[in-house]
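**Student:** Encoded as structure tokens, here's the structure I'll be asking about.
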Amino acid sequence: MTTVESFEARPRVHVHPLFVRVFHWLNALGIFLMIASGWRIYNASPVFESLDFTFPNSVTLGGWLGGALQWHFAAMWLLVLNFLMYLALGLASGHLRRRLTPVSPHAVATDLGRALQGKLPHSGTTYNAVQKASYIGVLIAILVTIISGACVWKPVQLQELASLMGGYEGARVVHFFGMTAISAFILMHLALVLIVPSTLFPMIVGWTRKDNHDEI
Amino acid sequence: MKSKLLLPQSSTLLNVERRLFLKRSLSLGALAMLTGCDATDPTISERILGAMSKWNDEVQLAIFNPNKLAPVYTEADITDPFPFNAFYTEDEVTTVEEAGYSLELGGLIANKASWTLERLRALPQVSQITRHICVEGWSAIGKWGGVNFGDFLRLVGADTSAKYVGFKCADDYYSSIDMATALHPQTILALTFRDKVLPVKYGFPMKLRVPTKLGFKNPKHIMSMYVTNDYPGGYWEDQGYNWFSGS
């Protein structure tokens, strides 16, 4: 444990640019609204009838199917526009390439092994291979969920796209598993933030103090 | 209030785990509160969500391709039995007698003479096997036959530059669609289901079959229809379902 004085004395290290932080928190809000309302919509007609699984209404948003649909189709604009803006800025600025590549299956396997042994150092500015793979994975999951959601919403206008997923019913299944993948990421993400709480501050203000990761 | 739902249920949690869980509950609770200011104030949330739904109506009308056909299926794909669906149960279904029935026309229509089923059956008939998609999420494939609705509108001299076509039904249901969808080649006044007279449970004497819209935009037991520029709403639409609800 370091003292406040010595922490304050260290130089600031920029971790997350402003556009990433804006995206992150708007995305968190958007994903929360979409999942909470989506669960209510799911409950009206569960995708897998044989499973007989529904979400507790108490953790859903909207109060009834119509309300949940209103939330879902309002929040989708926030989620999609924010996501597209992030991809555009992230790709154009080279930020995504710098932070999330290179990443190889071998590096992921190595770092995963180290992480499970508790030997994986965590740095605020450089992602390890497991982080890179997770962030790329959740970005793909969000993209797939958006595309499949568009197909569920517009199975006639977007029928060519929907047919790639097996049509309307196939798109529903893809949309459900996209949500599941995002939810799994969120659980892991929140758990890791609890384990390494010093990562939360930079996602709000953008910077941390040098050698912050030594405190872990 | 919302964060209460996220409190741990079990007292067997270890202290550390419990603390972690509470920490997470707090952040989730804070997130819930961000949205809670809308969720707990019906006027603000209703206004925002209502405005967004109207915006989505405009977007859907803009992206609606009047020539894009809904996918069609084969006889073998038809869902059997085809589900009954209404805002009441099947034993409460409204029975309309053919004797004395005629479809009433109103609004911006030149020839408002009503139409008996006999006269409608004498018009050229079309049929389609398409997917009915319910707002709840489930879908089912059925076969409907009847009169091409666009042809019918032109036949009776409807003002096809008007915005809406509204429907009033024998079961007190009502709904309305945009003119672009009304003129879509697959929108039909359905008089048959699977080549037989439309059964009572599927909407006798007639149902509007719109494969480019959700199921609740396919009114059954239609008694009258009218063309208008004044937004007519609908049974579910007035309660919050999106009005356009296009596929």
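FYI, it's all coordinate maths here, none of it is from the lab. Quick caveat, the model's predicted, so the values are computed rather than measured. All Cβ positions, even for glycine, are placed from backbone atoms using ideal geometry, and neighbour counts span all protein chains on display.
**Student:** Given H placed 1.01 Å from N in the peptide plane, which residues other than close sequence neighbours of A:Val13 have an amide H under 5 Å from its amide H?
**Tutor:** Under 5 Å from the amide H of A:Val13 lie the amide H atoms of A:Thr208, A:Arg209, A:Lys210, each far enough along the sequence or on another chain.
**Student:** Show the residues, 5+ positions off or on another chain, whose built amide H is closer than 5 Å to the amide H of B:Cys169.
**Tutor:** Placed amide hydrogens put B:Met223 under 5 Å from B:Cys169.
**Student:** With no solvent and one point per C-alpha, what does the Debye sum give as log10 I(q)/I(0) for chain A at q = 0.09, 0.17, 0.18, 0.19 Å⁻¹?
**Tutor:** -0.44, -1.27, -1.35, -1.43
**Student:** A further question follows. Compute the signed sum of charges (Lys and Arg +1, Asp and Glu -1) over the other residues within less than 10 Å, Cβ to Cβ, of B:Ala70. Walk me through the intermediate numbers first.
**Tutor:** Numbers: positive: B:Lys68, B:Arg131, B:Lys213; negative: none.
Here the charged neighbours net out to +3.
**Student:** Kirkwood Rh, the protein assembly as shown, all Cα pairs: how many Å? Present the calculation step by step, with values, prior to reporting the outcome.
**Tutor:** On the way: mean 1/r = 0.0395 Å⁻¹.
Its Kirkwood hydrodynamic radius stands at 25.3 Å.
**Student:** Can you give me the distance in nm between label points at A:Ser198 and B:Glu118, each placed 7 Å from the Cα along the Cα-to-Cβ direction?
**Tutor:** With each label point 7 Å from Cα toward Cβ, the separation is 9.0 nm.
**Student:** What is the fewest-to-most order of B:Cys134, A:Cys151, B:Cys169 by other Cβ atoms lying within 10 Å of their Cβ? Each step should come with its number before you reach the end.
**Tutor:** On the way: B:Cys134 15, A:Cys151 25, B:Cys169 22.
Sorted ascending by nearby Cβ count, the order is B:Cys134, B:Cys169, A:Cys151.
**Student:** Continuing with this model, one more query. Give me P(r) over the range B:100-212, computed from all C-alpha to C-alpha distances, binned every 10 Å, as integer percentages.
**Tutor:** 13, 47, 34, 5
**Student:** Using only DSSP helix segments of four residues or longer, with each worth -39500 (n - 2.57), what per-residue ellipticity at 222 nm results for the protein assembly as shown after dividing by its residue count and rounding to 500?
**Tutor:** Details: 14 runs with 208 residues, N = 463.
Counting only the DSSP helices, I get -14500 deg cm²/dmol.
**Student:** Let me ask another. Any chance you could give the angle, 0 to 90 degrees and rounded to 10, that helix A:105-116 forms with the longest Cα principal axis of chain A?
**Tutor:** Its long axis makes an angle of about 70 degrees.
**Student:** May I pose another question? If the only charges are +1 at each Lys and Arg Cβ and -1 at each Asp and Glu Cβ, what is the size of the charge dipole of chain A around the Cα centre, to the nearest 20 debye? Don't jump to the answer; show the numbers that get you there.
**Tutor:** Numbers: 14 positive and 10 negative charges, 109 e Å.
Charge dipole of chain A: 520 debye, to the nearest 20.
**Student:** Then there's this: Which percentage, to the nearest 5, of the DSSP beta bridges contained in the protein assembly as shown is antiparallel?
**Tutor:** Numbers: 36 of 40 bridges.
Roughly 90 percent of the beta bridges in the protein assembly as shown run antiparallel, per DSSP.
**Student:** For B:Lys163, enumerate residues with amide H under 5 Å from its amide H, sequence gap 5+ or separate chain, H modeled in the peptide plane.
**Tutor:** B:Thr228, B:Asn229
**Student:** If you build the convex hull over the alpha carbons only and average its shadow over all orientations, what do you get for the range B:43-153? Give it in nm² to one decimal. List each step's numbers first, then the result.
**Tutor:** Values: hull surface 45.0 nm².
For the range B:43-153, averaging the hull's shadow over all directions gives 11.2 nm².
**Student:** May I ask you to list the lysines whose Cα is less than 30 Å away from that of B:Lys143, ignoring any residue fewer than eight positions away on the same chain?
**Tutor:** Qualifying lysines at Cα under 30 Å: A:Lys154, B:Lys68, B:Lys112, B:Lys163, B:Lys168, B:Lys196, B:Lys201, B:Lys207, B:Lys213, B:Lys217, B:Lys220.
**Student:** What is the diffusion coefficient of the range A:44-171 in µm²/s, taking the Kirkwood radius over Cα pairs and the Stokes-Einstein relation at 4 °C with a viscosity of 1.567 mPa s?
**Tutor:** It comes out at roughly 72 µm²/s.
**Student:** Taking Cα atoms, how many degrees apart are the long axis of helix A:18-44 and the longest axis of chain A, rounded to 10 and kept between 0 and 90?
**Tutor:** Once rounded, the angle reads 30 degrees.
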